[in-house]
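Data block below; observations after.
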Amino acid sequence: MARRYDTKTTIFSPEGRLYQVEYAMEAIGHAGTCLGILAEDGILLAAERKNTNKLLDDVIFSEKIYRLHDNMACSVAGITSDANVLTGYLRQTAQKYHLIYQECIPCEQLVMQLCDLKQQYTQFGGLRPFGVSILYMGWDPHYGFQLYQSDPSGNYGGWKATCIGNNHQAAISMLKQEYKDTPTLKEALDLAIKVLHKTLDSTKLNSEKVELASLTREGEGPNAKTVIRVIPGEEVDELIKKYQEMVEAKKREEKEKEKEREATKME
Amino acid sequence: MSNIFEYNGSAVVAMVGKECVAIAADRRLGMQAQTVTTDFKKIYEMNNKLYVGFYGLATDAQTVSNRLKFQLNLYQLRENRLIKPKAFMHMVSNLLYSRRFGYYFIEPVIAGLDPKTNDPYIATMDLIGCPMETKDFVVAGTCSEQLYGMCESLWKPDLEPDDLFETISQALMNAVDRDAVSGWGAVVQVIEKDQITTRTLKSRMD
């Protein structure tokens, strides 16, 4: 039944759905997970690297996380070639604003402009939508630290914590339970590792499979600067190790409690 | 309004030293005879190892430096590295030539170190982008003849950063003293591989 209404992007189905947009979101559901968490003193983006093929030449800087401007970075999930086009557009838009106003583009403005572009591909031209969802992290003097998510329909929202890509529902439900208001960046990092453990396909999590980047403000007053930092492999490994040790410690506690219970039963 | 280049008044000079470069400019902004401000910025930082100063009309200098930063930011985001000074020179030249028949009234002076090898580099070009790279010094300004004379007599190869600072300062200060529309102080930046020293000089305040 749906076949008659899904070949063109620019028409609605009888139930009021845009099938091409929904199919685009399906495509993103197969891509590597991207996680974003807003903390009190910063924001972090974590992304799963899917291209861990040994034969791949490892010259590329980052597969999923892109610096957009001094004050913003983003992480993408979906069709990589579409993502490259969109990040190029985002960078240009940010620079055009900077050229005119000599200040960094406010985060929501940049997200809005890209979403307006994405929306055009759902209404005009007969071209397919971009198969990319993007998580943006940024700081501006109007609203401080912000985390946004945009999807192929051109909708966007501001979030405290969110996830896109493979297994994102599991991640989001976990975040709903575990995220407590205004965590510190350290707590957010621990939470991110915890969630990634659940959502990643492989059982062993290591720094080669995960890219982690943080955005913070350093300095005081007029000299304060926004710092976007890709967390180096060794630090990521340490965080993973810390989490795994905590899991092991919990397991040991459980075992001891079991033993105690057995012991009391016997008596 | 006989010469639009001399409307605001400026003097910029760059010199090569031993594993360092220095760039200096005066600080006066005027409207022909009237002095408007004595702390006008003529040298712009493009990245932490590359500086460009402009001679000519102040509004064009500001516009061109903004457009250069625009292009440079996109370049550095795409290529994920700092631009080489020579590539930057070509970028400036391209920008100026794109306005071949409606040109910007400026002449840029570029000074920097290669981001990997830290080799010193200086260059200048004319208003429509003809580049000139030298190994010793480049000058631009309403008092360019005076600057050429001063630099030619004072410059020596392989000057240490402190000696280079002295040399470039003396060259600039004495040249602008013989020119009515430039002067009112100077800014000197010495760029070495691990630090940049900025000094402000007080000269004849007239």
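Let's test the formula: R0 of 25 Å, r as the Cβ-Cβ distance of A:Val227 and A:Glu40. What FRET efficiency results, to the nearest 0.05? Walk me through the numbers before you get to the answer.
Details: r = 16 Å, r/R0 = 0.64.
Calculated value: 0.95.
Work out the mean other chain Cβ neighbour count within 10 Å for the residues of A:91-97 and drop it here as an integer. If you can, show how the numbers build up before the last one.
Working: counts 4, 4, 0, 3, 7, 1, 0.
Counting other chains' Cβ atoms within 10 Å and averaging over A:91-97 gives 3.
Quick one: dipole size for the stretch A:117-240, taken about the Cα centre, charges +1 on Lys/Arg Cβ and -1 on Asp/Glu Cβ, in debye to the nearest 20. Write out the running numbers ahead of the final one.
Values: 13 positive and 15 negative charges, 98 e Å.
It comes to approximately 460 debye.
Can you give the alpha-carbon Rg of the stretch A:205-246 over 2.2 N^0.38 Å, where N counts its residues?
On the way: Rg = 13.8 Å, N = 42, 2.2 N^0.38 = 9.1 Å.
That works out to 1.52 for the stretch A:205-246.
Send over the Kirkwood Rh of the stretch A:1-52, from the inverse of the averaged 1/r over different Cα pairs, rounded to one decimal Å.
When all Cα pairs of the stretch A:1-52 are included, the Kirkwood radius is 13.9 Å.
Based on DSSP loop calls and a cut-off of at most 16 other Cβ atoms within 10 Å, the longest stretch of chain B free of exposed chymotrypsin sites (Phe, Trp or Tyr not before Pro) is what?
Values: sites that count: B:Phe101, B:Tyr103.
Result for the longest clean stretch: B:104-206.
Expressed as a whole percent, how much of the Cα-Cα distance distribution for the stretch A:99-223 exceeds 24 Å? Walk me through the numbers before you get to the answer.
Values: 3239 of 7750 pairs.
Percentage above 24 Å: 42.
Label-point separation (nm) for B:Thr198 and B:Met1, each offset 7 Å from Cα along Cα-to-Cβ?
Each label point lies 7 Å from its Cα, and together they span 3.3 nm.
List, largest first, the extents of the alpha carbons of the stretch B:87-188 along their principal axes, each in whole Å.
Principal axes ranked by extent give 40, 38, 20 Å for the Cα atoms.
Rounded to the nearest 10 Å², what accessible area does B:Asp163 show when all protein chains are kept and the probe is 1.4 Å?
Accessible surface of B:Asp163 is approximately 80 Å².
Would you calculate the separation in nanometres between label points at B:Leu95 and A:Glu22, each defined as 7 Å from the Cα along the Cα-to-beta-carbon direction?
Going from the B:Leu95 label point to the A:Glu22 one covers 5.0 nm.
Starting from one equal scatterer on each C-alpha and no solvent at all, send me the Debye-based log10 I(q)/I(0) for the stretch A:91-158 at q = 0.22 Å⁻¹, two decimals.
-0.94
About the Cα centre of chain A, what is the dipole size in debye to 20, counting +1 per Lys and Arg Cβ and -1 per Asp and Glu Cβ, all else neutral?
Details: 34 positive and 39 negative charges, 150 e Å.
Approximately 720 debye in magnitude.
Can you sort B:Thr142, A:Thr182, A:Thr87 by solvent-accessible area, 1.4 Å probe, largest first? Don't skip to the answer; put the middle values down first.
Values: B:Thr142 25, A:Thr182 85, A:Thr87 5 Å².
From most accessible down to least: A:Thr182, B:Thr142, A:Thr87.
Using R₀ = 25 Å, calculate the FRET efficiency as 1/(1 + (r/R₀)^6) where r is the Cβ-Cβ separation of B:Thr134 and B:Gln170; round to 0.05.
Numbers: r = 19 Å, r/R0 = 0.77.
Calculated transfer efficiency: 0.85.
Kindly write out, for the stretch A:230-247 in residue order, the coupling ³J(HN,Hα) from the Karplus curve 6.51 cos²θ - 1.76 cosθ + 1.60 (θ = phi - 60°), rounded to whole Hz, with x marking Gly and Pro.
7, 6, x, x, 5, 5, 4, 4, 4, 4, 5, 4, 4, 5, 5, 5, 5, 5
Checking the cross-link filter: which lysines have an alpha carbon closer than 17 Å to that of B:Lys42, excluding same-chain neighbours under 8 positions apart?
Answer for B:Lys42, where 17 Å is the Cα cut-off: B:Lys69, B:Lys202, listed by chain and number.
Give me the Kirkwood hydrodynamic radius of the stretch B:82-139 in Å, from all C-alpha pairs, to one decimal place? Don't jump to the answer; show the numbers that get you there.
Numbers: mean 1/r = 0.0856 Å⁻¹.
Averaging 1/r across every pair of different Cα atoms and inverting gives 11.7 Å.
Hey, can you grab everything whose amide H is under 5 Å from the amide H of A:Arg49? Only 5+ residues off in sequence or another chain; H modelled, so Pro and N-termini drop out.
The answer is A:Val210, A:Glu211.
Note down the accessible area of B:Thr134, probe 1.4 Å, to the nearest 10 Å².
40
Taking the solvent-accessible surface of protein heavy atoms with a 1.4 Å probe, what is the per residue accessible area of the protein assembly as shown in Å²? Show your work: numbers first, answer last.
On the way: 24760 Å² over 473 residues.
Per residue, the protein assembly as shown has 52 Å² of solvent-accessible surface.
With point charges of +1 on the Cβ of Lys and Arg and -1 on the Cβ of Asp and Glu, referenced to the Cα centre of chain A, which listed residue (A:Tyr243, A:Gln95, A:Asn167) lies farthest in the positive direction of the dipole?
Towards the positive end, the residue furthest out is A:Asn167.
For chain A, what is the per residue volume of the convex hull drawn over the alpha-carbon atoms, in cubic angstrom?
192
Calculate, for A:Lys8 and B:Gln76, the FRET efficiency according to 1/(1 + (r/R0)^6) with r their C-beta to C-beta distance and R0 25 Å; round to the nearest 0.05.
Working: r = 41 Å, r/R0 = 1.63.
Calculated value: 0.05.
Given 10 °C and 1.306 mPa s, how large is the Stokes-Einstein diffusion coefficient of the protein assembly as shown in µm²/s, with Rh as the Kirkwood radius over Cα pairs? Walk me through the intermediate numbers first.
On the way: Rh = 25.8 Å.
Rounded to a whole number, D works out at 61 µm²/s.
Using a Gaussian network model of chain A whose springs link C-alpha atoms within less than 10 Å, name the residue from A:Gly36, A:Gly157, A:Gly16 with the highest mean-square fluctuation.
A:Gly16
How much length is gained if the chain between A:Asp237 and A:Gln169 is pulled fully straight, taking 0.36 nm per residue apart and subtracting their Cα-Cα distance, in nm to one decimal?
Fully extending the segment from A:Asp237 to A:Gln169 adds 21.9 nm.
Within the stretch A:52-97, report the chymotrypsin sites (Phe, Trp or Tyr not before Pro) that DSSP leaves as loop and that have at most 13 other Cβ atoms within 10 Å. Can you show the working numbers first?
Numbers: sites: A:Phe61, A:Tyr66, A:Tyr89, A:Tyr97; in loops: A:Phe61.
Of the chymotrypsin sites (Phe, Trp or Tyr not before Pro), the ones in loops of the stretch A:52-97 whose Cβ has at most 13 other Cβ atoms within 10 Å are A:Phe61.
Can you run the Rg to Rh ratio on the stretch B:1-102? Use alpha carbon positions and the Kirkwood inverse-distance Rh. Kindly include the intermediate steps, with their values, before the conclusion.
On the way: Rg = 15.0 Å, Rh = 15.0 Å.
Dividing the radius of gyration by the Kirkwood radius yields 1.00.
Loop only by DSSP, 15 or fewer other Cβ within 10 Å of the Cβ. Give me the GluC sites (Glu not before Pro) in the stretch B:1-77 that pass, ordered by residue number.
Numbers: sites: B:Glu6, B:Glu19, B:Glu45; in loops: B:Glu19.
In loop regions of the stretch B:1-77 (DSSP not H, G, I, E or B), the sparsely surrounded GluC sites (Glu not before Pro) are B:Glu19.
Evaluate the Debye formula for the stretch A:16-174 with equal point scatterers sitting on the alpha carbons, no solvent, and hand back log10 of I(q)/I(0) at q = 0.10, 0.20, 0.21 Å⁻¹, in q order, two decimals.
-0.35, -1.34, -1.43
Mind checking the stretch B:1-102 for trypsin sites (Lys or Arg not before Pro) that DSSP puts in a loop (not H, G, I, E or B) and that have at most 10 other Cβ atoms within 10 Å?
Details: sites: B:Lys18, B:Arg27, B:Arg28, B:Lys41, B:Lys42, B:Lys49, B:Arg67, B:Lys69, B:Arg78, B:Arg81, B:Lys86, B:Arg99, B:Arg100; in loops: B:Lys18, B:Arg27, B:Arg28, B:Lys41, B:Lys42, B:Lys49, B:Arg81, B:Arg99, B:Arg100.
When the trypsin sites (Lys or Arg not before Pro) of the stretch B:1-102 are filtered for loop state and at most 10 Cβ neighbours within 10 Å, B:Arg100 remain.
The values are calculated or read from the model by the stated rules, or taken from the named source; none is laboratory data. Only a predicted model underlies this, so the values are computations on that prediction, with no experimental measurement involved. Positions of Cβ are backbone-derived with ideal geometry, glycine not excepted, and every protein chain shown enters the neighbour counts. Just the protein is used for accessible areas: all its heavy atoms, side chains included, with ligands, DNA and RNA removed. Shrake-Rupley method; radii C 1.70, N 1.55, O 1.52, S 1.80 Å.
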